[in-house]
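What follows is a set of notes on a single structure, which appears directly below.
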Amino acid sequence: MPDLVIIHTNDMHNRLDAGGAQLLRREREKADALLLDAGDAAWAGNVYYRPGGEPILKTMSGAGYDAMTVGNREFHFTCNGFASKLSRASFTILCANVRATRGDPVPCVPSVIIERAGLRIGVFGLTVPMVTPGSRAAAFSAYVFDPPLEAARLVVEHLRPRCDVLVALTHVGLTRDRLLAEAAPELDVIAGGHSHDTLERPEYAGGVPIVQAGSHARAFGVVELTRRRGGWDVAGRIEPLPRTFI
């Protein structure tokens, strides 16, 4: 039996329906698992936003998600827009490399420590830079993004001594995830998104397993961690998600 199970999704683009949410909740409860999403759950773009928030985040709340990282679809360059996009989530929203430019509130946190199965699991989020400090868009954006790898190094140094398992929940794409794994071998798992890759088994870089579960709520990933001397044995697989629409 594994010591910890992590269930992960990414890039669902508002395709998670009630049937899929019910299945995820059952799987989470059956395994006492951590349920995580690596961003772009929402359908909306970066200019328009729904004042009432994104419906899928309410569906995900009902499924029992523990945390999600901000995807480019969840970001908005205004304070009201960013907060509104995330407003229906009852779970933790993560991003360690976004910051406000004018003192506005940031509607997400860099990291969280979750206790599950007798373990302390540190999870932090990274997002593909949408507005960089030196770009023209920075002049009117309430937020800018720092380089993901630089932000990761800082949060890893902070979290690693405080947790049993350290997870990077990223929306930066598989190529950047490989660079992250090489730069931060202290990580136990990278659960990624943005590039819509389906990794049937974990891919390793720098000794760190990377997982990703495709896109559009067609599937979810399951990661099983079993304690071994000096670390964890990691097994992963992809499972289908039922859907009533595409």
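What follows draws every value from the coordinates through simple rules; no lab data is involved. As the structure is a prediction and not an experimental result, all values here were calculated from the model. We place every Cβ from the backbone using ideal geometry, glycine too, and count neighbours over all the protein chains shown.
Things worth noting here:
- Amide H to amide H distances under 5 Å link Leu4 with Leu225, where only residues 5 or more positions off or on other chains count and H is placed in the peptide plane.
- Computed label-point distance, nm, for sites Leu149 and Arg229 using a 7 Å Cα→Cβ extension: 3.4 nm
- Among Ile114, Ile93, Ile56: highest mean-square fluctuation, GNM of the chain, C-alpha pairs under 10 Å: Ile114
- Normalising the average separation of contacting C-alpha pairs (under 8 angstrom, six or more residues apart) by the number of residues puts the relative contact order of the chain at 22 percent.
- Among Leu149, Leu119, Leu24, the largest mean-square fluctuation in a Gaussian network model of the chain (Cα springs under 10 Å) belongs to Leu119.
- Rg ratio (alpha-carbon, reference 2.2 N^0.38 Å) - the chain: 0.94
- Amide H within-cut-off set for Asp197, under 5 Å, with H built and near neighbours excluded: Gly214
- Segment 22-83 - percent relative contact order, Cα under 8 Å, separation 6 or more: 44 percent
- Distance from segment 134-194 to segment 206-224 (C-alpha centre basis), Å: 17 Å
- Here the Gaussian network model covers the chain, with springs between Cα atoms less than 10 Å apart; of Leu94, Leu23, Leu174, Leu23 fluctuates the most.
- Within the chain, DSSP assigns beta bridges of which about 55% are antiparallel (rounded to the nearest 5).
- DSSP bridge analysis restricted to segment 48-188 gives an antiparallel fraction near 45%, rounded to the nearest 5.
- Compared with the alpha-carbon gap, the fully stretched path from Asn80 to Leu179 is longer by 32.3 nm at 0.36 nm per residue.
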